[in-house]
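Okay, structure first, notes after.
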Amino acid sequence: MNSHVTTVPQQPFAATFSPTLNKFLTVARLKNYRLPGRPGDRHIVGTSGGADSAVTAIILGKLFPEQEFVYLFTDTQAEIPGTSAALDQVAAYTGKPITKIAHPDGLHGLIAHFNGFMPSGQSRYCTRILKTEATEDYLEIEHERHPVTFHNYVGLRADEPARTGLKSDFPWLKTHFPLRDLGVRREDVFRILDETIGIPGFYRIKSRSGCGICSFMRQSEVLGVLEAHPQVFAQAEGVERLADEDRRRYAIPGLDRSGVRFSYPVPPAIDIRTADAVAPQKVPRLKVDEYKLSDGLFERPDESVFVAVEYFVDPMMAAFGKNDTGTPGVWHQQLVGWSQSTESLMKAVNTHFTTRLDTAEVFGLTQEEMRHEFRCTIFHLTASARALDLGPAAKDTFAWRQDEPLAKVRYVANLVKQTLYAAGLEQEIAQLRSIKGLRQDSWEGERLISLYHERKRQRPEGKLIKAFVYQPIESRRVNNREEAPCFACSK
Ligand code: SF4
């Protein structure tokens, strides 16, 4: 099936001066960096909306303003929000239009075409049809029209020498790595983006560009989409086909509702107001008063789960009041994931932490600052086996991630958030109650009363047993996905 090809013209853009970009343009000139091949050859720059390809396009566009590049983007029509804006910015900054290739069905249409059969590791038809074949078709047609050598520029960086990039079967297609040739590293890429078109916001959620929801995403990324783009999550959830049994399991009244507030308890080792702060290796326990759950809730024996929450803590926030009622210093918090095994949860946190380091700049931090400010708490929660159903999905359920349909992710996330939110309220109530001589008409007294009423309104299905701070370690995995044309998969 032929893909649609459209060319999006560049918009006017008031280009800002980028010292980092200027440095590499100077390096290129000193190295006498030239485009390969002969006059008349075609030059293709694959753009995905991601950081590396954007900087490749920017550097080439600025180095060779007169050259006619084809900035090529294969659109799955299910891209994470922000992709299109990032591409527009590249086009505007370089003055080069983007050529978009889109399969008429798009990702969701393709899944419908395959009777709801979702892409998976065994059958990754999305990449093949939407990216590989669409790109090859386009290039073959172009090559028939222009039978010359085609040069393909790929954004592999100088600090990832193990990656090899795609191997093409077309003898007339040559691949080049300008970032590697010029010594551009990860931190340079983010600095150039920060100084020019901005870092795409989706790096707060995903480590790579690509579809909003994908079979290969990690649980932490799926949770990021749930929080940041609930409409994308809901659309992807609508594509899944749940067995009746699973439909019932993940739709217990009272839990499957949106609008659950999320703020998490802050353990003493994270709270800048306490003496224990910034000493996470001590693995302290968070003391949270247990509270009674409604009668009759526990029809079956309890189930329990370990849950990881990340926090970014800035000790400088102590300037805003390092006392009983001042800020605990947390400026970002997010649910990272859950597991019934602490070991696998810690592994997942390590991977997540490594991704945070690799994309620290999107939060306005350097890697060193991220190492300093990142904290993680692992909470141990329990709930009735009826409410906390972590068993595998039914065999005849078709989901993006077979082991964990999105309905289940939403369901468990809601249970976890409700439970931790209530526990956080209890913790804050206990802190305020410990203030000596607390007056009811003081700010603290009024806050205590409002927290008390808020807590009474909460009906969490689970309870917090204990919590400990986990100090993650960087986990550098061998990247064996270099040959895959879709760079979006992060698993
Ligand atoms: S990002 Fe995932 S779903 Fe999208 S095309 Fe790539 S592999 Fe398929």
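Just a few scattered comments:
Yes or no, residue by residue, for (1) hydrophobic (A, V, I, L, M, F, W, C); (2) in the same structural domain as residue 187 (by TED's automatic domain parsing); (3) open to solvent by 10 Å² or more (accessible area, probe 1.4 Å):
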{"site": "370", "(1), (2), (3)": "yes, no, no"}
{"site": "373", "(1), (2), (3)": "no, no, yes"}
{"site": "404", "(1), (2), (3)": "no, no, yes"}
{"site": "462", "(1), (2), (3)": "no, no, no"}
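- Being over 16 Å from residue 245 (Cα atoms), touching a Lys or Arg at 6+ places or on another chain (Cβ under 7 Å) and small (Gly, Ala, Ser) holds for only one residue in 422, 413, and it is 422.
- Within this structure, residue 70 fails the test of being part of a helix (DSSP H, G or I), open to solvent by 10 Å² or more (accessible area, probe 1.4 Å) and among the β-branched types (Val, Ile, Thr).
- Any hit, region 211-218, residues being open to solvent by 30 Å² or more (accessible area, probe 1.4 Å) and more than 16 Å from the ligand (Cβ to nearest atom): no
- Residue ID - surrounded by the most Cβ atoms within 10 Å (Cβ to Cβ), chosen from residues in region 406-437 that are of a type in the set (Lys, Arg) and closer than 30 Å to residue 271 by Cα: 410
- Among residues of region 167-186, those that are part of a loop (DSSP other than H, G, I, E, B), open to solvent by 70 Å² or more (accessible area, probe 1.4 Å) and touching a residue at least 60 places away in the same chain (Cβ under 8 Å), counted: 1
- Tally, over region 229-246, of residues that are touching a residue at least 40 places away in the same chain (Cβ under 8 Å) and away from the ligand (no atom under 12 Å from the Cβ): 11
So that you can scan it fast, the table gives a plain yes or no per residue for (1) under 19 Å from residue 351 (Cα atoms); (2) part of a loop (DSSP other than H, G, I, E, B):
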residue	(1), (2)
164	no, yes
192	no, no
197	no, yes
214	yes, yes
224	yes, no
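- Candidates 154, 148, filtered to the one that is among the β-branched types (Val, Ile, Thr), touching a residue at least 24 places away in the same chain (Cβ under 8 Å), assigned by TED's automatic domain parsing to the domain that holds residue 41 and closer than 18 Å to residue 24 by Cβ: 154
- Summed over region 80-128, the residues that are within 16 Å of the ligand (Cβ to nearest atom), open to solvent by 20 Å² or more (accessible area, probe 1.4 Å) and over 27 Å from residue 226 (Cβ atoms) give a count of 3.
- Qualifying residue in region 213-221 (condition: of a type outside the set (A, V, I, L, M), touching a residue at least 60 places away in the same chain (Cβ under 8 Å) and at positive phi): no
- Given (1) within 16 Å of the ligand (Cβ to nearest atom); (2) surrounded by fewer than 21 Cβ atoms within 10 Å (Cβ to Cβ), number of the condition residue 141 does not satisfy: (1)
- Taking region 27-47 as the range and being without any contact (Cβ under 8 Å) to a residue 24 or more places away in the chain and more than 14 Å from residue 178 (Cα to Cα) as the test, the residues that pass are 30, 39.
The values are calculated or read from the model by the stated rules, or taken from the named source; none is laboratory data. These figures come from a predicted structure and were not determined experimentally. Here the Cβ is made from the backbone with ideal geometry for all residues, glycine too, and neighbour counts use every protein chain on show. Areas reflect the complete protein model, heavy atoms only, side chains present, ligands, DNA and RNA absent. Shrake-Rupley method; radii C 1.70, N 1.55, O 1.52, S 1.80 Å.
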